[in-house]
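The block underneath contains the structure these notes are about, expressed in structure tokens.
The values are calculated or read from the model by the stated rules, or taken from the named source; none is laboratory data. Note that the structure is predicted; figures quoted are calculated from it, not measured. Ideal geometry is used to build each Cβ from the backbone, glycine not excepted, and the neighbour counts take in all protein chains shown. Only protein heavy atoms, including side chains, enter the accessible area calculation; ligands, DNA and RNA are left aside. Shrake-Rupley method; radii C 1.70, N 1.55, O 1.52, S 1.80 Å.
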Amino acid sequence: MGEWAGERVREWVRHRARLVTAAGRWSTRLPPVVWDSLLPALLLLNVLTTRTPRELPVAAALTAALALPLLWRRRAPLTVFAAVAAAAFVQWLMDVQLPADVALLVALYTAAAHSGRRGVLVAGAVVEAGVLLACLRWAADGAFLTPFVAVTATAVAAAVLGVNARTTRAYLAALVERAARLEREQEQQARLAVAEERTRIAREMHDIVTHNLSVMVALTDAAVYAQHRSPDRATAAMLQISETGRQALTDMRRSLGILRTDEPDAERHPLPGLAQLDALAEQMCATGLPTRLDLHGGHGHVPATAQLTVYRLVQEALTNTLKHAPAGTRANVRIRCAAETVTVDVTDNGPCPQPPAAAPSGAAPFGAAPPGHGIPGMRERAAAYGGTLRAGPLPGGGWGVHTRLLLGSSGAVSA
């Protein structure tokens with residue numbers, strides 16, 4: 001029996017909760033003017049049902065003057081408060097007590113909720129003066145203090161509630177504005193990240209494709225030249241072309257595979273670094289560009305991204321020499337690794353080469369060079385590590401590329 005009664009009570013509570021929830025949802029769909037009209041309607045109904053026919057005209061007129069302005073309290077809170085206060089003063093002059101005086105508290109709350117500090121102080125002073133006048137006229141003999149304190153406390157509570165409502169509304173508006181600003185900033189950061197990633201991919205693809213195609217073209221020319229006089233050398237060149245093509249595919253798959261979390265190729269083939277410079281020099285020698293590599297200092301402390309930057313810088317510089325320097329040119333690559341820096345120097349002894357890629361205005365070239373895309377890309381790589389690229393003809397002849405990467409540079413984060 002007890003369990004059955006307890007279940008009935010729980011069911012009744014759940015039913016009440018559902019009704020309250022449904023009523024709350026329904027109430028939020030009503031326009032504010034409906035709620036603002038409820039209090040005037042109730043006050044007028046009270047006057048019509050409680051006043052005698054003799055008192056009804058005056059009471060109804062004063063009630064309407066006090067209550068009806070509340071319909072516009074959200075649009076013009078201070079104007080409505082002034083109208084209600086004027087009606088209340090007329091009521092005091094006519095010595096008529098009405099329940100509609102509560103409209104003055106509602107008007108005070110609205111003024112506090114929608115106006116600044118000065119408006120609240122002025123409205124509060126007007127209400128307090130009205131409270132004083134009302135208590136002086138209508139308070140019972142010897143009982144002035146009690147109603148005065150009670151009504152004053154009620155007025156203060158209405159003003160405080162209005163100020164709290166305004167503060168809460170301003171706080172929520174600030175939160176909404178902040179959330180919108182953060183969303184805009186996140187979208188902007190996402191667009192910047194996409195643009196940076198596209199630039200990085202384009203730079204990687206440029207270095208990979210340009211270098212390997214240049215090597216393959218040089219080897220193909222050598223194979224065509226040697227196919228009749230030295231078939232063995234032609235065969236070796238063709239095999240080197242095949243190996244270069246496979247290496248290009250591997251580099252492209254590795255660079256693009258980093259963008260995919262399910263691509264295992266990036267783990268099987270790590271990014272090239274200083275250890276792969278020997279293979280790069282041998283590859284350039286096979287194409288007919290004798291290349292000497294001097295690597296000074298240990299490079300175990302150099303980050304992988306910095307090593308990739310050095311590799312791409314050397315690769316691009318040697319590719320430019322291969323494409324534009326005449327036969328018989330020799331190249332020298334000097335890498336010096338220190339605790340906080342990596343210095344890169346790539347020079348050749350060609351007679352005034354003219355590569356299509358040159359440092360743009362603002363770089364620090366050894367000499368003038370026509371505009372292009374290769375050296376600007378090298379400059380961007382160097383700038384990621386706080387370095388400034390210098391590229392151009394050398395005073396004694398040949399071409400030189402020099403830069404120094406700062407391993408502790410904040411720009412390395414974006415490399």
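Scan the stretch 51-60 residue by residue and report those that are in a helix (DSSP H, G or I) and either basic (Lys, Arg) or surrounded by 12 or more Cβ atoms within 10 Å (Cβ to Cβ) (or both). Leu56, Val58, Ala59, Ala60, listed by residue number.
In the stretch 385-410, of all residues being under 33 Å from the mean Cα position of the chain (by Cα) and open to solvent by less than 20 Å² (accessible area, probe 1.4 Å), the one that is nearest to Gly300 (Cα to Cα) corresponds to Leu405. Is at least one residue of the stretch 82-103 assigned to a helix (DSSP H, G or I), at pLDDT 85 or above, open to solvent by less than 70 Å² (accessible area, probe 1.4 Å) and in contact with a Lys or Arg (Cβ under 9 Å, 6 or more places away or on another chain)? Looking through the stretch 82-103, at least one residue is assigned to a helix (DSSP H, G or I), at pLDDT 85 or above, open to solvent by less than 70 Å² (accessible area, probe 1.4 Å) and in contact with a Lys or Arg (Cβ under 9 Å, 6 or more places away or on another chain).
Beta carbons closer than 6 Å, at least 6 apart along the sequence or on distinct chains, pair a first residue in the stretch 283-305 that is over 15 Å from Glu340 (Cβ atoms) with a second that is of a type outside the set (A, V, I, L, M, F, W, C) and not in a strand (DSSP E or B) for Ala286/Gln240; Pro290/Arg330.
Is the stretch 12-23 home to any residue that is of a type in the set (Gly, Ala, Ser), more than 26 Å from Arg169 (Cβ to Cβ) and at pLDDT 85 or above?
First pass over the stretch 12-23, keeping only residues of a type in the set (Gly, Ala, Ser): 17, 22-23.
If we keep only those that are more than 26 Å from Arg169 (Cβ to Cβ) too, we end up with 17, 22.
Next cut, at pLDDT 85 or above only: none.
Among the residues of the stretch 12-23, not one is of a type in the set (Gly, Ala, Ser), more than 26 Å from Arg169 (Cβ to Cβ) and at pLDDT 85 or above, which makes the answer no.
Among residues of the stretch 228-239 that are part of a helix (DSSP H, G or I), those with a Cβ under 6 angstrom from a residue that is open to solvent by 80 Å² or more (accessible area, probe 1.4 Å), sequence gap 6+ or separate chain, pair up as Ala234/Gln227.
In contact (Cβ under 8 Å) with a residue 12 or more places away in the chain and open to solvent by less than 40 Å² (accessible area, probe 1.4 Å), is that true of Leu48? Here the answer is no, as Leu48 does not meet what is asked.
All conditions but one from (1) under 52 Å from the mean Cα position of the chain (by Cα); (2) of a type outside the set (S, T, N, Q); (3) closer than 20 Å to Thr154 by Cα apply to Trp72; the one that does not is (3). Of all residues in the stretch 318-346, those satisfying the criterion of being of a type in the set (Val, Ile, Thr) and outside any helix (DSSP H, G or I) are Thr329, Val333, Ile335, Thr341, Val342, Thr343, Val344, Val346.
Looking at Ala170, Ala190, Ala143, can you tell me which residue is over 30 Å from Ser242 (Cβ atoms), open to solvent by less than 80 Å² (accessible area, probe 1.4 Å), outside any helix (DSSP H, G or I) and hydrophobic (A, V, I, L, M, F, W, C)?
Working: Ala170 fails: outside any helix (DSSP H, G or I); Ala190 fails: outside any helix (DSSP H, G or I).
Being over 30 Å from Ser242 (Cβ atoms), open to solvent by less than 80 Å² (accessible area, probe 1.4 Å), outside any helix (DSSP H, G or I) and hydrophobic (A, V, I, L, M, F, W, C) holds for just one of Ala170, Ala190, Ala143, which is Ala143.
Restricting Thr199, Thr152, Thr110 to those that are of a type in the set (Val, Ile, Thr), part of a helix (DSSP H, G or I) and open to solvent by 60 Å² or more (accessible area, probe 1.4 Å) reduces the list to Thr199.
Checking each residue in the stretch 61-81 for being open to solvent by less than 50 Å² (accessible area, probe 1.4 Å), under 19 Å from Arg51 (Cα atoms) and among the small types (Gly, Ala, Ser) picks out Ala64, Ala65, Ala67.
None of Thr343, Thr309, Thr347 is under 28 Å from Thr220 (Cβ atoms) and at pLDDT 80 or above except Thr347. Residue pairs whose Cβ atoms lie under 8 Å apart, separated by 6 or more positions or on different chains, with the first residue in the stretch 190-211 and within 16 Å of Glu380 (Cβ to Cβ) and the second open to solvent by 60 Å² or more (accessible area, probe 1.4 Å) and among the small types (Gly, Ala, Ser), are Glu196/Ser414.
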